[in-house]
Amino acid sequence: MDYKKLQNGSDIRGVALEGIEGQNVNLTEQVAKDIGRGFALWLIKKTGKKDLRVAVGRDSRLSGADLSEWLCSALVDAGVSVTDFKMASTPAMFMSTVTDGYNYDGSVMITASHLPFNRNGFKFFTANGGLEKQDIKEILEYAESKENTGLNKGSLTDGEFMDAYSKILADKIRAATGEEQPLKGFKIVVDAGNGAGGFYVSKVLEPLGADTNGSRYLDPDGSFPNHIPNPENKEAMESITEAVKETGADLGIIFDTDVDRAGAVLSDGSELNRNRIIAMLSAILLREHPGTTIVTDSITSTGLAEFIKAKGGIHHRFKRGYRNVINESIRLNNLGQDSQLAIETSGHGAFKENYFLDDGAYIVTKLLIELARGKKEGYTLESLIADLGEPKESVEFRMNILVEDFKSYGQDVITALNEYAANKSGWSVAPDNFEGVRVNLDKDHGNGWFLLRLSLHDPLLPLNIESNDVGGAKKIAGELAEFIKQYDKLDAKTLIDFAE
């Protein structure tokens with residue numbers, strides 16, 4: 001097979017189990033072993049070391065144990081000393097490379113985030129952070145080659161890191177509040193969606209004094225019998241909202257499968273995800289770091305930009321893709337412009353104070369510090385975003401591109417739309433836009449905005465529309481559909497049907 005097809009940006013992903021028609025397994029035993037050998041070769045050449053130590057962890061996916069066994073055996077055969085952490089979170093696997101007493105040369109997390117049960121993949125880390133696209137390309141080239149390290153066999157031992165990682169989080173809350181049990185008296189429920197996030201209840205919340213009765217789906221189960229572990233999933237958010245309302249909780253927490261993303265529900269039952277969680281984290285950081293820059297992806301709302309500006313911050317709207325957002329924030333800091341947070345609307349959030357690691361558990365930890373402080377000082381989490389302007393309507397369409405050279409076709413549509421928008425009455429092309437075409441529309445034309453962009457990996461054009469008026473999204477869609485209809489290789493049926 002062509003190993004390059006397994007690359008998904010800065011990750012490796014593929015089909016690990018049968019069960020979905022038309023999706024053939026491509027993460028086989030041989031492929032997993034080749035990838036393990038490829039990572040060993042890459043790490044030896046990057047570090048110049050031949051006595052490497054690598055940690056391996058996995059989430060709850062059904063294929064995880066087999067993939068871990070195969071990967072570990074290949075690393076051992078390549079001369080690496082391997083520690084198998086078994087069930088872990090993606091952020092913890094990075095932390096194993098920078099935590100005193102561990103300091104692994106590299107680590108691997110076996111996960112496919114929120115993708116269906118039959119999928120799986122690999123994420124790689126060194127102490128410098130998650131590997132980039134070019135690094136993954138090189139690992140897959142080594143995997144496809146016949147090259148070996150030429151080293152004597154390494155070793156495999158079982159290990160545990162989640163206790164140490166959890167203590168780092170709990171101690172951060174203790175240090176910020178000055179209390180041993182700062183969550184005593186709070187009711188906090190967690191929905192782990194049968195992913196790897198259940199540890200947060202027993203290893204962080206309960207030692208800090210929280211009442212966690214009413215938490216849901218904490219036991220790992222890679223068939224995901226209750227709902228997809230994904231803060232962007234409607235059923236998942238309904239589940240944690242229901243738990244908050246049933247228990248009268250002060251806060252509800254939801255993680256994705258490997259815990260690099262998180263969402264929440266406030267005590268009044270309102271969801272804290274997408275623009276709302278970005279706003280809350282921005283409010284917290286702008287108090288701690290006045291004037292800092294918040295880097296987000298391209299589909300954040302106008303209301304969020306106004307909120308950040310009103311709090312004294314700078315909103316830097318960039319491209320979709322969590323690595324794109326993180327790297328842009330790092331770039332700004334390197335230029336001397338302080339940027340404390342890089343965050344996508346998907347819930348991937350990375351803090352400058354935390355290695356620019358996208359860590360859902362760390363996001364929640366920041367919220368819990370604020371929850372405890374608020375009780376002492378007389379404010380609530382809800383009050384932090386009380387003045388966030390939110391759209392009346394928000395919709396997304398994903399329009400398939402029906403030609404093989406989809407990138408060229410999609411770019412042609414975007415280029416033509418940009419020219420069209422620049423000359424259309426009531427439309428104005430947004431300045432400083434880094435992805436696709438973003439257009440603001442005045443009150444007579446829908447009172448909102450739209451963004452049309454190329455998907456990062458798939459043959460489609462995602463379209464986001466927001467309006468400050470009831471019925472405004474339909475109006476915007478109608479005006480845009482008149483332009484889109486001329487492209488017969490673009491499946492725009494959902495947009496056209498919505499507009500009619």
What's the number of the only condition in (1) assigned to a helix (DSSP H, G or I); (2) of a type outside the set (A, V, I, L, M); (3) touching a helix residue (DSSP H, G or I) at 6+ places or on another chain (Cβ under 6 Å) that Asn230 fails to meet? (1)
Could you figure out which of (1) at negative phi; (2) open to solvent by less than 10 Å² (accessible area, probe 1.4 Å) isn't true of Val259? (1)
Of all residues in the stretch 347-398, which are farther than 30 Å from Ser89 by Cα and either aliphatic (A, V, I, L, M) or in contact with a Phe, Trp or Tyr (Cβ under 6 Å, 6 or more places away or on another chain) (or both)? Ala386, Leu388, Val395
Residues satisfying the stated conditions in the stretch 480-491, i.e. crowded, with 18+ Cβ neighbours inside 10 Å and assigned to a helix (DSSP H, G or I): Leu480, Ile484
Mind listing whichever residues of the stretch 270-295 are assigned to a helix (DSSP H, G or I), of a type in the set (S, T, N, Q) and open to solvent by 10 Å² or more (accessible area, probe 1.4 Å)? Asn275
Of (1) touching a Pro at 6+ places or on another chain (Cβ under 7 Å); (2) surrounded by fewer than 21 Cβ atoms within 10 Å (Cβ to Cβ); (3) not aliphatic (A, V, I, L, M), Arg453 satisfies all except one. Which? (2)
Looking for something touching a residue at least 40 places away in the same chain (Cβ under 8 Å), assigned to a strand (DSSP E or B) and closer than 24 Å to Val98 by Cβ - is there at least one such residue anywhere in the stretch 19-41? no
Would you list the helices (runs of 4 or more DSSP H) that sit entirely within the stretch 305-390 and hold 3 or more residues that are open to solvent by less than 50 Å² (accessible area, probe 1.4 Å) and under 30 Å from Asp458 (Cβ atoms)? 322-334, 360-377
Please verify whether Leu441 is open to solvent by less than 50 Å² (accessible area, probe 1.4 Å) and modelled with pLDDT of 95 or more, treating the condition exactly as stated. yes
Please go through the stretch 91-132 and give me each residue that is of a type in the set (Gly, Ala, Ser) and modelled with pLDDT of 95 or more, ordered by number. Ala92, Ser96, Gly101, Gly106, Ser107, Ala112, Gly121, Ala127, Gly129, Gly130
At least 2 residues that are surrounded by fewer than 22 Cβ atoms within 10 Å (Cβ to Cβ) and among the hydroxyl-bearing types (Ser, Thr, Tyr) in each: list the strands (runs of 3 or more DSSP E) lying fully within the stretch 101-178 that qualify. 155-158
Could you go through the stretch 187-206 and let me know if any residue there is open to solvent by less than 50 Å² (accessible area, probe 1.4 Å) and more than 27 Å from the chain's Cα centre (by Cα). no
Output yes when any residue across the stretch 5-15 is β-branched (Val, Ile, Thr), surrounded by fewer than 19 Cβ atoms within 10 Å (Cβ to Cβ) and either farther than 26 Å from Ala127 by Cβ or out of contact with any Cys (no Cβ under 9 Å at 6 or more places or on another chain) (or both), and no when none is. no
Leading residue by the ranking (farthest from Lys153 (Cα to Cα)) among those in the stretch 67-97 that are open to solvent by 10 Å² or more (accessible area, probe 1.4 Å) and outside any helix (DSSP H, G or I): Met87
For Ser383, indicate whether it is within 28 Å of the chain's Cα centre (by Cα) and of a type in the set (S, T, N, Q). yes
Considering only the stretch 401-438, state which residues are surrounded by 16 or more Cβ atoms within 10 Å (Cβ to Cβ), at negative phi and within 24 Å of the chain's Cα centre (by Cα). Asn433, Glu435, Val437, Arg438
Checking the structure you have, find out if any residue of the stretch 462-479 is in a loop (DSSP other than H, G, I, E, B), of a type in the set (A, V, I, L, M), open to solvent by 80 Å² or more (accessible area, probe 1.4 Å) and in contact (Cβ under 8 Å) with a residue 60 or more places away in the chain. yes
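The values are calculated or read from the model by the stated rules, or taken from the named source; none is laboratory data. The structure displayed is predicted, hence computed values, not measured ones. Every residue, glycine among them, receives a Cβ derived from its backbone with ideal geometry; neighbour counts consider all protein chains shown. Surface accessibility is based on the protein's heavy atoms, side chains included, excluding ligands, DNA and RNA. Shrake-Rupley method; radii C 1.70, N 1.55, O 1.52, S 1.80 Å.
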